[in-house]
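Q: This is the structure, below, for whatever I ask next.
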Amino acid sequence: MRRPVFVAATVIGILTGLDNYLYAYGVACLPVSTSSLVLASQLAFTAVFAFLLVNQKFTPYSINAIALLTIGAGVLALHTSSDRPEGESSKKYFMGFFMTVAAAVLFGFILPLVEMTYKKAGQALTYTLVLEIQVVMCFFATVFCTIGMAINKDFEAIPREAREFGLGETTYYVVLVCSGLVWQSFFLGSIGIIFAGSSLLCAIIIAVLLPMTEILAIIFYKEKFTAEKGVSLVLSLWGFVSYFYGELKNSKEKSETQTPETEMAVDISVITPP
């Protein structure tokens, strides 16, 4: 890894650490279903930053998908106070809501920044290099979060939380380790998708997790499924379908357009004398 790529990966890692902090403290103040729908707005922010940083091309279908997902998150934001957890102050709830939105904005900036780093790497972009970038990013993100936790004395709270955990102290640490492994897999998959596709595709695939998160939160956490969440979920699913339909249609049109041109090129090469 050359020095410019290392510096870029370091900066992205620090930004990722900050994003993790915003996400963790924001989600701690919100129900899972609400936070997941708010985080879905990162797709719109990714689209904007992808256009500015990597000159992302858009189709009517992708624009429609982004608009629907953004409106879906906006519908949810209209009546957030009714979903406030019991015993939580309005100030803490809205602080969590805006921190979650800030996490979505920052993550929407990080994905195109990774894609721009790939494009301006100035060296052969192999999957080995992608893994090296991943290691550097996660190392500095971990350092950032560790320093923040040490300053905030969060490490002292872990044993207390483990003792108070409803499913037992051992289960608490198992959940902690498994959560770290799952998030590591998430970040590895994200930069892999950007390597193989684009930051916008990565954001779309992340947004696909929304319906699953909604359903699981209702089943396991017994959260209320309000009308706003229902409208937001429908708009999100509509956006997913719109995007993937547009991609399939675009691929089909390209293949149909390229086939006659390819055949013509072959015919010309055959009849043209040497």
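Q: How large is the Kirkwood hydrodynamic radius of the stretch 130-245, in angstrom, based on all distinct alpha carbon pairs?
A: Here the Kirkwood hydrodynamic radius works out to 17.4 Å.
Q: Let me ask something else about it. For the chain, what % of the accessible area comes from carbon and sulfur atoms, probe 1.4 Å?
A: For the chain, the apolar C and S fraction of the accessible surface comes to 70 percent.
Q: How high is the relative contact order of the chain, in percent, with contacts defined as C-alpha pairs under 8 Å that are six or more residues apart?
A: 35
Q: Something else: Just to verify a number: FRET efficiency for Tyr127 and Ser90, C-beta to C-beta distance, R0 = 45 Å, to 0.05?
A: The formula returns an efficiency of 0.40 here.
Q: Rounded to the nearest 500 deg cm²/dmol, what is the calculated helix-only ellipticity per residue at 222 nm for the chain, with -39500 (n - 2.57) per DSSP H run of length n ≥ 4? Working shown, then result.
A: Values: 11 runs with 223 residues, N = 274.
My calculation for the chain gives -28000 deg cm²/dmol from helical runs alone.
Q: Anything over 32 Å Cα to Cα? Flag those among Lys92/Lys222; Lys120/Lys153; Lys153/Lys229; Lys222/Lys252; Lys229/Lys249; Lys119/Lys229, in the order listed.
A: Details: Lys92/Lys222 22 Å; Lys120/Lys153 39 Å; Lys153/Lys229 36 Å; Lys222/Lys252 43 Å; Lys229/Lys249 30 Å; Lys119/Lys229 38 Å.
Result: Lys120/Lys153; Lys153/Lys229; Lys222/Lys252; Lys119/Lys229 exceed 32 Å.
Q: Give the span of the stretch 146-207's Cα atoms along each principal axis, as three whole-Å numbers ordered largest to smallest.
A: 44, 28, 16
Q: Here is a follow-up. Just the number: Rg to Rh for the stretch 109-186, Cα atoms, Kirkwood Rh, two decimals. Could the numbers behind the result be given before it?
A: Numbers: Rg = 17.3 Å, Rh = 15.3 Å.
A ratio of 1.13.
Q: Given the chain, what whole percent of its Cα pairs are spread farther than 32 Å?
A: Distances greater than 32 Å cover 34 percent of the Cα pairs.
Q: While we're looking at this one, here's another question. How much solvent-accessible surface does Tyr25 expose, in Å² to the nearest 10, with a 1.4 Å probe and all protein chains in place?
A: 80
Q: Which cross-chain or sequence-distant (5 or more) residues have an amide H under 5 Å from the amide H of Ser41, H modelled 1.01 Å from N in plane?
A: none
Q: Then there's this: Between Glu164 and Phe225, what length comes free when the chain is fully extended (0.36 nm per residue of separation minus the Cα-Cα distance, one decimal in nm)?
A: Answer, rounded to one decimal: 19.2 nm.
Q: On to the next question. Just read off the accessible area of Lys229 with the full protein assembly in place, 1.4 Å probe, to the nearest 10 Å².
A: Approximately 0 Å² for this residue.
Q: Counting only heavy atoms of protein chains, what accessible area per residue, in Å², does the chain have with a probe of 1.4 Å?
A: Averaged over the residues of the chain, the accessible area is 57 Å².
Q: Compute the angle between helix 227-271 and the longest alpha-carbon principal axis of the chain, please, reported from 0 to 90 degrees and rounded to the nearest 10.
A: For helix 227-271, the angle is close to 20 degrees.
Q: Just reorder Glu115, Glu223, Glu247 by solvent-accessible area, largest first, 1.4 Å probe, all chains present.
A: Result of the area sort, largest leading: Glu247, Glu223, Glu115.
Q: Roughly how far apart, in whole Å, are the Cα centres of the stretch 10-33 and the stretch 231-257?
A: Taking the Cα centre of the stretch 231-257 as reference, the centre of the stretch 10-33 is 30 Å away.
The values are calculated or read from the model by the stated rules, or taken from the named source; none is laboratory data. Note that the structure is predicted; figures quoted are calculated from it, not measured. Neighbour counts are summed over all protein chains in view; Cβ atoms, including those assigned to glycine, are modelled from backbone coordinates with ideal geometry. These area figures cover heavy atoms from the full protein model, side chains too; ligands, DNA and RNA do not enter into them. Shrake-Rupley method; radii C 1.70, N 1.55, O 1.52, S 1.80 Å.
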